[in-house]
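Just below is one structure, and these are the notes that go with it.
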Amino acid sequence: MKRYFSIYALLFLLAAVSLVSCGQTGAAETKLGVAATAQEQKDNSIHFKVDGQTISTSGWNISRFDMGKGLQLNVTTNMHEDKRTVLLNINGVKPGIYKLGSGSRGDGTGYGSYKPDYNDMLNSFRFTEGEFELQTIDTMKGFIEARFQGTVMKGDQQFRITDGVIHKGALRSGITTY
């Protein structure tokens with residue numbers, strides 16, 4: 001009887017250890033999942049992929065400007081956090097989808113570039129196609145929400161930018177006039 005009790009006690013102990021360690025693994029995974037989600041939701045965060053590689057940074061300059069042809073929006077990622085930088089100029093400031101391209105200068109369009117290394121200013125790839133979706137612009141609270149994607153090229157070399165998300169991008173107050 002003592003022998004069976006010892007075997008049952010050992011089996012119970014192994015089962016308890018197994019359940020506790022499974023619960024800890026699940027908790028760690030949950031904490032990692034929450035941390036990743038919290039990082040994605042951080043204010044003024046910008047995330048995008050270049051040929052599948054994820055870049056996580058923030059907005060260095062998100063501002064409205066006027067060059068005499070109506071209000072436009074500038075978005076530049078933070079080259080001090082990641083040298084891989086996206087620069088976009090959107091011909092409008094109302095929520096909607098703006099087509100991106102190198103010759104896009106009319107309403108409902110935008111243009112921009114991608115720099116693999118912001119310090120190498122001559123190595124700039126222009127958007128040849130894509131879109132920028134301005135989902136929200138809140139001038140009172142000072143933020144934008146947006147999505148973007150497209151193809152950038154320089155000569156025969158190209159990169160595909162996908163899954164671009166701007167979460168509560170810090171919109172500068174006022175309008176810069178040129």
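The values are calculated or read from the model by the stated rules, or taken from the named source; none is laboratory data. Predicted model, so just to flag it, every value in this text is computed and none were measured. Every residue, glycine as well, gets a Cβ built from its backbone with ideal geometry; the counts of neighbours run over all protein chains shown. For accessibility, only protein heavy atoms count, side chains too; no ligands or nucleic acids. Shrake-Rupley method; radii C 1.70, N 1.55, O 1.52, S 1.80 Å.
At 1.4 Å probe size, with the rest of the protein present, what percent of the exposed accessible area of the range 45-174 is carbon and sulfur atoms? Walk me through the intermediate numbers first.
Values: 2980 of 6340 Å².
The C+S portion of the solvent-accessible surface of the range 45-174 is 47 percent.
Please give the charge dipole size of the range 35-171, origin at the Cα centre, charges +1 on K and R Cβ atoms and -1 on D and E Cβ atoms. Round to the nearest 20 debye. Please report the intermediate quantities before stating the final value.
Values: 16 positive and 16 negative charges, 48 e Å.
For the range 35-171, the charge dipole is close to 220 debye.
Solvent-accessible area per residue for the range 135-178 at a 1.4 Å probe radius, Å²? Display every interim value, and only then the final one.
On the way: 2650 Å² over 44 residues.
Heavy-atom SASA per residue in the range 135-178 reads 60 Å².
Might you work out the accessible area of His167 for me, using a 1.4 Å probe with all protein chains in place, and round it to the nearest 10 Å²?
About 30 Å², rounded to the nearest 10.
By accessible area of protein heavy atoms, probe 1.4 Å, what ranking do Thr176, Thr109 get, highest first? If you can, show how the numbers build up before the last one.
Details: Thr176 60, Thr109 25 Å².
The residues order as Thr176, Thr109, largest area first.
How would Tyr111, Tyr178 line up by accessible area, probe 1.4 Å, largest first?
Details: Tyr111 45, Tyr178 175 Å².
Of Tyr111, Tyr178, the descending order of accessible area is Tyr178, Tyr111.
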